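Computed from the coordinates by the stated procedures, all read-outs in this text should not be read as laboratory data. These numbers come from a predicted model, not from an experiment. For neighbour counting, all protein chains shown are included, and Cβ atoms are generated from backbone atoms with ideal geometry for every residue, glycine included.
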Amino acid sequence: MRTLREVTALRGCVAGWKAEGRRVGVVPTMGALHAGHMSLVSAAQAGCDRVIATIFVNPRQFDDPADLANYPRTEARDAAMLGAAGVDVLFAPPSEVVYPPGFATTVSVAGVSRELEGAFRPGHFDGMATVVAKLFLMTGAERAFFGEKDWQQLQIIRQLVRDLDLPVTITGCPTLREPDGLAMASRNTRLSAAERAVAPALLVAMEAAASAIRGGMPVAGALSRARAAVLAAGFAEVDYLDLRGAERLEPLATPDRPARLLAAATLGGVRLIDNIAL
Ligand code: PAF
């Protein structure tokens, strides 16, 4: 595996692959890799001839400076995992390559960005969409792979690609879970042992709400029962636990179309998000 940090070198490498007729895929990440990321790598390898993984802890998508400072940075370990998995190129640019002095552009996807995470993390999705657009343009990959764990992010990226006619096909890959159901996430490492034991209660409450709604319980009642269960389990706050249309994420009072249950809740200072299909 080659590690590249400059756009010119990356483009040269990708141009060579394309000249040979290779299909190129990209797995964008912020590092601190876990099995969930590696499942994206496997999906990319199954669908492409050459795979680029990117690692860039994107400062523009952190609304909280402490969160950015505390975000785990484990590039040597990540690179070893990617190399062992057979990734062709790791693109890990320094900040000034992504945001050179004078950088002044923001990519902002209206509508689907504004609620849920968008409401609780102002600027987060603008920063995310900006860096994802840049990573698509820098890598020139024809396919890109993202986890369904960040369901809202995935819908925003799909909208971004449609709106800007970006020549990349987006594949969403299923959330990987720990044996007790907790969605895999880099932030999980920041939970204490006691918090880690409580964390699966979020999914338990979401699954109970989904099953109650499927069984005919009114959505509002099922959701407020689930929020109460999450708090009773020991979470400090539930930012949202909502039923939304699966694609545009519009609020749903009845499950009359493909729907997703999405939640964000804080446990001991760590914000966990999750989502399931209804
Ligand atoms: O999901 C992530 O890890 C990040 O939001 C992404 C897509 C790599 C952009 O920084």
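Quick notes
- A simple packing score, the average count of other Cβ atoms within 10 Å per residue, orders the peptides 9-15, 199-205 as 199-205, 9-15, with the highest score first.
- Taking amide H as placed 1.01 Å from N in the peptide plane, the amide H of PHE91 sits under 5 Å from that of LEU4, ALA53, THR54, ILE55, each at least 5 places away or on another chain.
- Estimated dipole of region 170-278 in Debye, rounded to 20 [Cβ of Lys and Arg +1, of Asp and Glu -1, Cα centre]: 40 debye
- In units of the compact-protein estimate 2.2 N^0.38 Å, the chain shows a Cα radius of gyration of 1.02.
- The DSSP beta bridges internal to the chain are antiparallel in roughly 50% of cases.
- Ascending count of other beta-carbon atoms within 10 Å, so fewest first, for MET206, MET81: MET81, MET206
- Residue exposure proxy: PHE125, PHE136, ordered by other Cβ atoms within 10 angstrom of their Cβ from fewest to most, comes out as PHE136, PHE125.
- Among ALA185, THR266, VAL97 - extreme Cα towards positive end, dipole of the chain, charges at beta-carbon: VAL97
- Region 107-160 - percent relative contact order, Cα under 8 Å, separation 6 or more: 46 percent
- Percentage relative contact order, the chain, counting C-alpha pairs under 8 Å, at least six apart: 17 percent
- Kirkwood radius and radius of gyration were both taken over the C-alpha atoms of region 47-158, and their ratio Rg/Rh is 0.96.
- The Rg/Rh ratio for region 1-105, using Cα coordinates for both the radius of gyration and the Kirkwood hydrodynamic radius, is 0.99.
- Cβ-placed point charges (K, R +1; D, E -1), dipole of the chain about Cα centre in debye, nearest 20: 360 debye
- Region 144-267 shape via C-alpha gyration tensor axes, a/c threshold 1.5: oblate
- Each peptide among 164-170, 265-271, 230-236 gets the average number of other Cβ atoms lying within 10 Å of its residues, and from highest to lowest they stand as 265-271, 230-236, 164-170.
- Cα shape, region 105-160, gyration tensor, a/c 1.5 rule: oblate
- Under the Karplus curve 6.51 cos²θ - 1.76 cosθ + 1.60, θ = phi - 60°, whole-Hz ³J(HN,Hα) for region 13-19, x wherever Gly or Pro sits: 5, 5, 4, x, 4, 5, 4
- The angle between the Cα long axis of helix 219-233 and the main principal axis of the chain comes to about 80°, on a 0 to 90 degree scale.
- Kirkwood Rh and Cα Rg combined as Rg/Rh, region 196-278: 0.96
- Overall size of region 66-124 from C-alpha positions, given as principal axis extents largest first: 40, 30, 25 Å.
- Length-normalised contact order for region 1-58 - Cα pairs under 8 Å, 6+ apart - percent: 38 percent
- Dividing the Cα radius of gyration of region 20-68 by 2.2 N^0.38 Å, with N the residue count, gives 1.41.
- Given in Å, the Rg to one decimal and the Dmax to the nearest whole number for the Cα atoms of region 107-204 are 15.5, 47.
- From helices alone, the chain scores -12500 deg cm²/dmol at 222 nm; the rule is -39500 (n - 2.57) for each run of n ≥ 4 DSSP H residues, then divide by the residue total.
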